[in-house]
Amino acid sequence: MKHFFIIPNPLKDTDLENTKQIVDFLKQSGCSCSVRVKKDTEGQEQTYTDPAQIPADTECILVLGGDGTLLEAARDTVGLEIPLLGINLGSLGFLAEVEKNQISRALQLLLQDRYETESRMMLDGRLYRGERCMESGYALNDIVITRSGSMQIIHFHIYVNGQFLNAYNADGIIISTPTGSTGYNMSAGGPIVEPKARLLVITPICPHTLNTRSIVLSAEDEVVIQMAADKKDVLFRAEVNFDGGHTTALETGDRIIVTKSEKTTDIVKISQLSFLEVLHKKMSEK
């Protein structure tokens with residue numbers, strides 16, 4: 001590899017200190033390297049990537065921050081087919097491959113082409129109000145429907161491939177990829193899945209029932225979540241988000257259709273640790 005693009009999270013990379021060190025190292029090694037940081041209207045830096053600004057010859061995108069930064073980068077660069085390497089400047093991270101004290105070694109391995117890539121499944125989500133598609137997006141981790149505002153629970157029906165599966169009264173529902181199984185899904189009591197697998201995990205959030213189990217489906221299945229009113233036809237406030245990004249308000253009758261996306265995210269792997277070894281290490285951290 002000789003051509004790189006860097007996406008930093010300036011909230012975690014203070015004064016872009018690590019970013020500048022990486023840029024200096026790569027340029028001294030004869031590589032090309034571009035950095036993209038956007039500033040908002042108040043002049044504060046925010047993580048953001050315009051795919052049109054990424055040079056066509058980029059071979060790897062270095063993402064400095066945490067799992068959230070990498071998820072945002074995956075959404076921003078979907079379709080470019082450029083592998084991402086996550087550099088963890090946060091706390092507990094499963095997606096970020098490299099810790100802060102391993103940056104120099106990681107860069108050397110990249111320059112020597114001593115790495116592998118893993119193709120990670122993504123989700124395609126579409127929100128319909130009647131026959132109109134109100135919102136669509138991709139997710140590397142999950143598509144989450146949660147209540148909004150008051151403590152009132154929400155009511156929804158789930159269909160798989162057109163067949164009714166179950167009705168839930170709950171705080172929400174998580175549709176997760178294997179990559180996202182170690183995120184919100186895990187916190188909600190869902191199963192941990194090997195990230196290279198191809199499947200869907202449905203996990204209710206605080207369901208008001210004795211049945212709290214997750215459901216694991218084939219990656220080829222289509223999941224439809226239909227928002228419903230309660231028995232008294234009382235409406236509710238809820239919202240849907242893709243990988244914790246932009247949220248969209250939901251109304252009774254809305255349908256969220258979730259399928260496996262044709263797009264994937266390639267993650268650069270330089271560690272020799274297996275997923276189970278990484279999982280053991282993360283779960284042992286205090």
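The values are calculated or read from the model by the stated rules, or taken from the named source; none is laboratory data. Owing to the predicted nature of the structure, the values given are computational and were not obtained by experimental measurement. Note that we place each Cβ from the backbone using ideal geometry, even for glycine, and neighbour counts take in every protein chain shown. Heavy atoms of the whole protein, side chains included, go into the accessibility calculation; ligands, DNA and RNA do not. Shrake-Rupley method; radii C 1.70, N 1.55, O 1.52, S 1.80 Å.
So what's the angle, to the nearest 10 degrees on a 0 to 90 scale, between helix 67-76 and the longest Cα principal axis of the chain?
So the inclination is approximately 90 degrees.
Pull up all non-local amide H partners of Arg120: gap of 5 or more, or a different chain, and H-to-H distance under 5 Å with H placed in the peptide plane.
Residues meeting the criterion, in which the H sits 1.01 Å from N, are Thr265, Asp266, Ile267.
Leaving ligands, DNA and RNA out of it, report the carbon-plus-sulfur percent of the accessible area of the chain at a 1.4 Å probe.
Numbers: 6620 of 14290 Å².
Roughly 46 percent, rounded to a whole number.
Using Cα atoms only, what is the angle between the long axis of helix 17-28 and the major principal axis of the chain, expressed in degrees (0 to 90) to the nearest 10?
Its long axis makes an angle of about 50 degrees.
Quick check on the chain: helices-only [θ] at 222 nm, where DSSP H runs of length 4 and up contribute -39,500 (n - 2.57) each and the sum goes over total residues. Nearest 500, please. Each step should come with its number before you reach the end.
Numbers: 5 runs with 45 residues, N = 286.
Helices in the chain give a 222 nm mean residue ellipticity of -4500 deg cm²/dmol.
Residue-wise, which Karplus ³J(HN,Hα) couplings in Hz belong to the stretch 152-169, taking 6.51 cos²θ - 1.76 cosθ + 1.60, θ = phi - 60°, and x for glycine or proline?
Each residue of the stretch 152-169 in turn: 5, 6, 10, 10, 8, 10, 10, 10, 10, 6, x, 9, 5, 9, 6, 10, 10, 10 Hz.
Calculate how steeply helix 275-284 sits against the longest principal axis of the alpha-carbon atoms of the chain, using the helix alpha-carbon long axis, and give the answer as 0 to 90 degrees to the nearest 10.
80
With every protein chain left in place, what is the accessible area per residue of the chain in square angstrom, probe 1.4 Å? Present the calculation step by step, with values, prior to reporting the outcome.
Working: 14290 Å² over 286 residues.
Value returned for the chain: 50 Å² of accessible area per residue.
Quick one: compute the contact order of the chain, relative version, from alpha carbon pairs under 8 angstrom and 6+ residues apart, as a percent. Provide the component values of the computation, followed by the final result.
Values: 651 pairs, mean separation 53.6, N = 286.
Rounded, it is 19 percent for the chain.
Just how far, in whole angstrom, is the stretch 8-33 from the stretch 190-224 if you go by their alpha carbon centroids?
Here the answer is 39 Å between Cα centres.
Explain nothing, just compute: Karplus ³J(HN,Hα) = 6.51 cos²θ - 1.76 cosθ + 1.60, θ = phi - 60°, for every residue of the stretch 187-202 in order, whole Hz, x for Gly and Pro.
Calculated HN-Hα couplings, in order: 4, 8, x, x, x, 8, 10, 4, x, 7, 5, 10, 6, 10, 10, 9 Hz.
To the nearest 20 debye, what charge dipole does the chain have about its Cα centre, counting +1 at the Cβ of each Lys and Arg and -1 at the Cβ of each Asp and Glu? Don't skip to the answer; put the middle values down first.
Values: 29 positive and 38 negative charges, 87 e Å.
Magnitude of the dipole: close to 420 debye.
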